[in-house]
1. For the chain, with only Lys/Arg (+1) and Asp/Glu (-1) charged at the beta-carbon, what is the dipole magnitude about the Cα centre, in debye rounded to 20?
2. Starting from the alpha-carbon convex hull of region 116-164, give the projected area averaged over all orientations, in nm².
3. Eigenvalues of the Cα gyration tensor times 5, then square-rooted: what semi-axes does that give for region 1-90, in whole angstrom, largest first?
4. What whole-number volume per residue, in cubic angstrom, does the convex hull of the C-alpha atoms of region 1-159 give?
5. Between residue 141 and residue 193, how many nm apart are label points set 7 Å from Cα along the C-beta direction?
6. For residue 133 and residue 61, calculate 0.36 nm times their separation in residues minus their Cα-Cα distance, and state this gained length in nm to one decimal.
7. Using Stokes-Einstein with the Kirkwood hydrodynamic radius over Cα pairs, what translational diffusion coefficient do you get for region 235-278 at 4 °C and a viscosity of 1.567 mPa s, in µm²/s rounded to a whole number?
8. May I have the pair-distance distribution P(r) for region 200-248, computed from all Cα-Cα distances with 5 Å bins from 0 and rounded to whole percent?
Amino acid sequence: MYDIAIIGLGPAGATLARLLDKKYKVIAIDRKGEKNGKCCGGLLSPDAQRILAQFDICLPKEILVDPQIFSVRTIDFDNHLEKFYQRFYLNMDRIKFDNFLISLIPDNIEICRDSICKKIEKENDIFRITFKSKGAERTEETRIVIGADGANSTVRNTFYKSRMDKYISIQEWYKDGINSPFYSCIFDRNITDSYCWTISKDNYFIIGGAFPVKNSNMRFEILKEKVKNMGVSVGELVKREGCFINLNRGTVSVCTGKNGAYLIGEAAGMISPSSLEGISYSMESAKILAEIINHDCNNVKHKYFIKTSGIRLRLLFKIIKKPFMYNKILRKLIMKSGIKTINNR
């Protein structure tokens with residue numbers, strides 16, 4: 001019998017596992033192995049950097065990749081506009097970043113990687129988790145289960161109705177064939193009502209985007225053609241990856257959980273609806289939940305909901321900001337105004 005089971009060891013689950021008191025018997029189940037990562041642009045936002053600073057965590061240099069790019073090339077195909085804006089992201093290797101956070105977890109936590117959670121059932125006050133690990137099926141019981149397993153969360157799908165809009169993130173890695181590295185943000189309503197991106201990363205060039213589930217592959221192919229028509233010469237295709245992304249309909253999309261089944265990070269709906277950034281919310285929500293459980297594992301529901309009000313408020317501001325990014329007319333006005341643009345020669 002475990003006290004706590006954590007499903008997922010991305011930034012949310014790894015942070016929670018690291019911060020939980022050693023008085024608890026904890027198991028952490030993660031479907032990724034050391035060489036697998038999430039479909040992610042791998043840019044560490046200033047908010048995520050702030051959370052790491054609060055933890056007094058310094059990133060090893062091998063996590064960072066070349067080049068460090070300080071501007072985003074914003075390409076608006078809808079309005080035929082292009083502008084440059086200053087950005088303060090860190091360009092990193094997402095797989096190495098996740099592995100680094102997992103390496104900080106203390107030895108008392110039982111970690112099961114390359115393990116797929118297949119089913120979670122609740123009987124009275126006990127959760128029974130069935131998962132496949134190292135080719136064998138295993139069942140364990142726990143008093144508390146925490147979903148840190150992203151957009152397609154097994155915990156959320158089992159115990160709560162989702163009020164999130166699901167999108168599919170697809171990106172492809174190419175051996176870098178371009179002469180000048182760059183990071184771009186692409187808007188095109190014919191492709192997606194979210195956004196797309198290109199990122200240069202350690203001699204690779206990434207093309208990706210967040211697409212509605214219907215016709216997502218076709219939309220991605222259109223994006224690639226448009227990028228190539230910009231005069232971008234990509235090299236040999238190395239790999240293709242994808243994952244689900246949740247997009248908020250509003251703060252009602254945030255579900256923190258109750259009765260022993262709690263959610264953190266993107267599983268809880270804590271992801272920016274404008275930029276799709278979720279690492280900062282993942283680590284912050286994990287920190288809040290760990291502090292509550294460490295103090296008293298009873299009555300977690302109300303305390304966790306109240307103490308995450310700051311996250312929900314910031315997400316509300318992101319929702320208000322979203323039309324200025326994704327509405328064609330408003331975006332045109334902002335870009336034409338030249339507000340916060342930089343000259344790029």
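Bear in mind that the values in this text are calculations on the coordinates, not laboratory data. Bear in mind the structure is a predicted one, so any value in this text is a computation, not a measurement. Neighbour counts are summed over all protein chains in view; Cβ atoms, including those assigned to glycine, are modelled from backbone coordinates with ideal geometry.
1. It works out to roughly 1020 debye.
2. Averaged projected area of region 116-164's Cα convex hull equals 3.7 nm².
3. 35, 16, 13
4. Convex hull of Cα atoms, per residue: 151 Å³.
5. According to this spin-label approximation, the distance is 4.7 nm.
6. That pair, residue 133 and residue 61, stretches by 22.7 nm at full extension.
7. Translational diffusion coefficient: 105 µm²/s.
8. For region 200-248, the binned pair fractions read 4, 16, 27, 24, 16, 10, 2, 0 percent.
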